[in-house]
1. Taking into account only those residues within the range 48-79 that are in a helix (DSSP H, G or I) and touching a helix residue (DSSP H, G or I) at 6+ places or on another chain (Cβ under 6 Å), which is nearest to the ligand (Cβ to nearest atom)?
2. Out of all the residues in the range 80-101, which are surrounded by 11 or more Cβ atoms within 10 Å (Cβ to Cβ), among the charged types (D, E, K, R) and part of a loop (DSSP other than H, G, I, E, B)?
3. For residues that are within 11 Å of the ligand (Cβ to nearest atom) and hydroxyl-bearing (Ser, Thr, Tyr), scanning just the range 80-99, find the one that is modelled with the highest pLDDT.
4. Out of the range 32-45, which residues are farther than 16 Å from LEU18 by Cα and within 11 Å of the chain's Cα centre (by Cα)?
5. Do we find that LYS19 is basic (Lys, Arg) and away from the ligand (no atom under 16 Å from the Cβ) in this structure?
6. I'd like to verify a number: residues in the range 48-87 that are in contact (Cβ under 8 Å) with a residue 24 or more places away in the chain and more than 23 Å from ASN24 (Cα to Cα), how many?
7. Would you mind stating whether TYR48 is under 12 Å from the mean Cα position of the chain (by Cα) and open to solvent by less than 90 Å² (accessible area, probe 1.4 Å)?
Amino acid sequence: MPENTHCIVCRIKNCEELKKTSANYCFSCKGFPCARLKQLDKRYRTKYGMSMIDNLKRIKETGIDNFMVIENEKWTCEKCGDIICVHTWKCTKCGYQVKLP
Ligand SMILES: [Zn+2]
């Protein structure tokens with residue numbers, strides 16, 4: 001795991017404001033998107049080619065089920081069907097490298 005990604009994700013996961021939301025998603029928070037999330041989002045956009053804020057907006061608009069169908073497809077290795085790692089864009093099983101968008 002590069003840097004302290006885990007810690008930052010956990011800080012958001014354990015966010016007190018998030019616990020108060022009914023849907024348990026950041027977008028239902030009155031502070032959305034907060035500075036903490038924006039910071040993480042920026043890093044993920046730059047380094048890993050994905051945006052958490054965009055993902056959250058998509059979940060809000062289309063629902064988690066739709067989102068999961070699309071994301072499952074996106075993060076499944078076309079060679080072996082295992083999971084593509086968001087940090088390396090590599091298959092966790094066969095090592096197949098997906099090109100960054
Ligand atoms: Zn694979």
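1. From the range 48-79, those in a helix (DSSP H, G or I) are 48, 52-62, 64-74; that's our starting set.
Checking the rest, the ones that are also touching a helix residue (DSSP H, G or I) at 6+ places or on another chain (Cβ under 6 Å) come to 52-53, 56, 58-60, 67.
Numbers: MET52: 24, ILE53: 29, LEU56: 28, ARG58: 25, ILE59: 26, LYS60: 31, PHE67: 23 Å.
Per the stated criteria, the residue is PHE67.
2. ASP82, LYS93
3. Here is the first cut: in the range 80-99, the residues within 11 Å of the ligand (Cβ to nearest atom) are 80-85, 90-98.
Imposing the further condition that a residue be hydroxyl-bearing (Ser, Thr, Tyr) reduces the set to 92, 96.
On the way: THR92: 93, TYR96: 96.
Step by step, filter the range 80-99, then rank; the result is TYR96.
4. ASP41, TYR44, ARG45
5. yes
6. 3
7. Spelling it out, TYR48 is indeed under 12 Å from the mean Cα position of the chain (by Cα) and open to solvent by less than 90 Å² (accessible area, probe 1.4 Å).
The values are calculated or read from the model by the stated rules, or taken from the named source; none is laboratory data. Remember, predicted model here, so these are calculated numbers, not experimental data. No Cβ is skipped: glycine too gets one built from the backbone with ideal geometry, and neighbour counts run over all protein chains shown. Remember, those area values only see protein heavy atoms, side chains included, never the ligands or the DNA or RNA. Shrake-Rupley method; radii C 1.70, N 1.55, O 1.52, S 1.80 Å.
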